[in-house]
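Below you'll find the structure, written out as structure tokens, and then a few comments.
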Amino acid sequence: MHFKNILVPYDESDHALSALHTALALAGPYPEARVHVITVIPAGALPGPTLMGEGIGTAYALSNPASYEELMDSVVGRVRAEVDEAVRRSLDDARCQVVTDAIISASPVEGIAEYVERQGIDLVVMGRRGLGALRGMLGSVSFGVLRSVEVPVLTVK
Ligand code: ATP
Ligand code: MG
């Protein structure tokens, strides 16, 4: 098949799940194809280590620097387990390779665009809307990705 590395940016929304199913339907018959299912955790959604000295979070961060790492690892691990579970339920008899991950980045758009570059992604399949879906045509992450990557982007409802 033409596409070897397909990225599904996954945010646990129904649209993202449809995108995952579409990507697996495309790549499923091809053992040489790889589907990457990635959730981006925006760094701003996490407590920052630099804030720790200033207030509420002080105690554990300063008395035990390793605990900040552990906190990050547990957040990433939890998100990653959710991605794994969605993939497990969707796999059916797909013969393609599947990799899952949760990555921390400044923003979902930045994380997705960097991943596309770094991993040689040749197609992005993503939801048209996400968890914030209330109204409108296209979510801000879909819109941002369309603007910032050079590869084809397929949006799925
Ligand atoms: P908004 O976030 O602007 O309120 P929305 O949530 O309805 O709008 P988007 O966030 O653009 O829409 O979501 C569209 C698609 O982008 C999702 O279906 C998913 O494929 C992808 N996506 C959104 N957020 C993330 C994220 N944090 N990590 C990975 N993929 C994401
Ligand atoms: Mg969203």
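Summary of values
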item	result
Hits in the stretch 33-50 (condition: touching a Cys at 6+ places or on another chain (Cβ under 8 Å) and either modelled with pLDDT under 95 or open to solvent by 30 Å² or more (accessible area, probe 1.4 Å) (or both))	R34
Selection status of V99, among the aliphatic types (A, V, I, L, M), in a helix (DSSP H, G or I) and either at pLDDT 95 or above or open to solvent by less than 70 Å² (accessible area, probe 1.4 Å) (or both)	no
Residues within the stretch 18-42 that are away from ligand 2 (no atom under 14 Å from the Cβ) and part of a helix (DSSP H, G or I), tallied	9
Considering residues of the stretch 133-149 that are among the hydrophobic types (A, V, I, L, M, F, W, C), open to solvent by less than 70 Å² (accessible area, probe 1.4 Å) and in a helix (DSSP H, G or I) only, the residue nearest to ligand 1 (Cβ to nearest atom)	V141
Residue in the stretch 112-132 that is modelled with the lowest pLDDT, counting only those that are exposed (fewer than 14 other Cβ atoms within 10 Å of the Cβ) and within 7 Å of ligand 1 (Cβ to nearest atom)	G132
Boolean, L17 is at pLDDT 95 or above and crowded, with 16+ Cβ neighbours inside 10 Å	yes
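The values are calculated or read from the model by the stated rules, or taken from the named source; none is laboratory data. Predicted model, so just to flag it, every value in this text is computed and none were measured. Virtual Cβ from ideal backbone geometry, glycine too; neighbours counted across all protein chains shown. Just the protein is used for accessible areas: all its heavy atoms, side chains included, with ligands, DNA and RNA removed. Shrake-Rupley method; radii C 1.70, N 1.55, O 1.52, S 1.80 Å.
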